[in-house]
1. Anything in the stretch 97-116 that is open to solvent by 40 Å² or more (accessible area, probe 1.4 Å) and either touching an Asp or Glu at 6+ places or on another chain (Cβ under 9 Å) or modelled with pLDDT of 85 or more (or both)? List them, or say none.
2. Among the residues of the stretch 160-188, count how many are part of a helix (DSSP H, G or I) and either touching a His at 6+ places or on another chain (Cβ under 8 Å) or touching a residue at least 60 places away in the same chain (Cβ under 8 Å) (or both).
3. Are there any pairs with C-beta distances below 8 angstrom linking a residue in the stretch 97-118 that is of a type outside the set (A, V, I, L, M) to a residue that is surrounded by fewer than 16 Cβ atoms within 10 Å (Cβ to Cβ), with the two at least 6 apart or on different chains, and if so which?
4. For ALA56, which of the numbered conditions (1) closer than 22 Å to GLN130 by Cα; (2) at pLDDT below 85; (3) open to solvent by less than 30 Å² (accessible area, probe 1.4 Å); (4) of a type outside the set (S, T, N, Q) fails to hold?
5. Testing LEU157 on (1) open to solvent by less than 30 Å² (accessible area, probe 1.4 Å); (2) in a helix (DSSP H, G or I), one condition comes back false. Which one is that?
6. Exactly one of (1) without any contact (Cβ under 8 Å) to a residue 60 or more places away in the chain; (2) over 15 Å from GLY10 (Cα atoms); (3) open to solvent by 50 Å² or more (accessible area, probe 1.4 Å) is unmet by ALA144. Its number?
7. Which count do you get for residues in the stretch 1-38 that are touching an Asp or Glu at 6+ places or on another chain (Cβ under 6 Å) and part of a strand (DSSP E or B)?
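The values are calculated or read from the model by the stated rules, or taken from the named source; none is laboratory data. These figures come from a predicted structure and were not determined experimentally. Glycine also receives a Cβ, built like all others from the backbone with ideal geometry; neighbour counts cover every protein chain displayed. Keep in mind that these areas ignore ligands, DNA and RNA; they rest on the heavy atoms of the full protein, side chains included. Shrake-Rupley method; radii C 1.70, N 1.55, O 1.52, S 1.80 Å.
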Amino acid sequence: VALIGEPGIGKSRLATAAMTEALISEARCCVFYGAVQRRITAFAVARALVGDMLSARSLSSVDQLRDALTGLGVEESDLKTIETLFIVEKSRSRQRLSDQTQTQIARALVNAFLALALSRPTLLLIEDIQWIDPESRHFLELLARAASTQQPLCMLLTGRPESSSQAANIAEFIIHLQPLSRAHMETL
C-alpha cells in the first residue's frame, strides 16, 4: 500500500499507527527513511535492510558474511553479489559487481531479504519514496512481485504526490490523502 499526499498531511502518522499494530501482533518491522543524501547511493534501501538484519557492521570478513547467509539457504551466485556489496576489501569485488546487471543485483538482494526477514510476518515501511534511489525502487518492485512466501510480507510506502508513478510501480493499492476541511481539522 502506498500513502500519497502533501507534506504534513499525516502520512507518517498513519504509517506509525500501522507499525504499532504490527508490533503488537509481534510481526517483524523493518523501516527505511528516504533522504536527499541517500538518493545517490545505489541500492540504499536494500543495503540498509539486509545489512541491519545481518548486522553487517559487525561482520568483519567475507567468511562471516558467507556463513550467516549460507545457513539461510541463499544461493551461491547471490552470496557472491551480496559479499561484493557488503565487504569491499578487494578491488576485484568492485569489478565483479560492475559485471552484473542492476536486475541481477536487485534479485540477489531480494532473495537475501526474503531469507532473512520472512521467518515470521513482516511489515516493511519505506518513508518518503520520492527520496529513494532508482536502484532501490527496482529492488522494491522485485520484492513486491516476489513469489508468495510462507509468511506474509506487507509493504507500506509513503510519498509526496510527485512520487505517485514510482509508488504505482511497487504498490498494489495507492491511497491519495486529501487535506481535511477546517471543521474536520478542528475536530481532530
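1. Listed by number, the residues that qualify are THR101, GLN102, THR103, GLN104, ARG107, ASN111.
2. Step one: list which residues in the stretch 160-188 are part of a helix (DSSP H, G or I), which gives 161-168, 182-187.
Still in the list and also either touching a His at 6+ places or on another chain (Cβ under 8 Å) or touching a residue at least 60 places away in the same chain (Cβ under 8 Å) (or both): 161, 163-164, 167-168.
Count: 5.
3. ASN111/GLU75
4. Only one criterion is unmet by ALA56, namely (1).
5. Among (1) open to solvent by less than 30 Å² (accessible area, probe 1.4 Å); (2) in a helix (DSSP H, G or I), the lone unmet condition for LEU157 is (2).
6. (3)
7. Adding up the residues that qualify gives 1.
Matching residues to (1) at pLDDT below 90; (2) farther than 26 Å from PRO121 by Cβ:
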{"site": "CYS30", "(1), (2)": "no, no"}
{"site": "GLN37", "(1), (2)": "yes, yes"}
{"site": "GLY51", "(1), (2)": "yes, no"}
{"site": "ARG66", "(1), (2)": "yes, yes"}
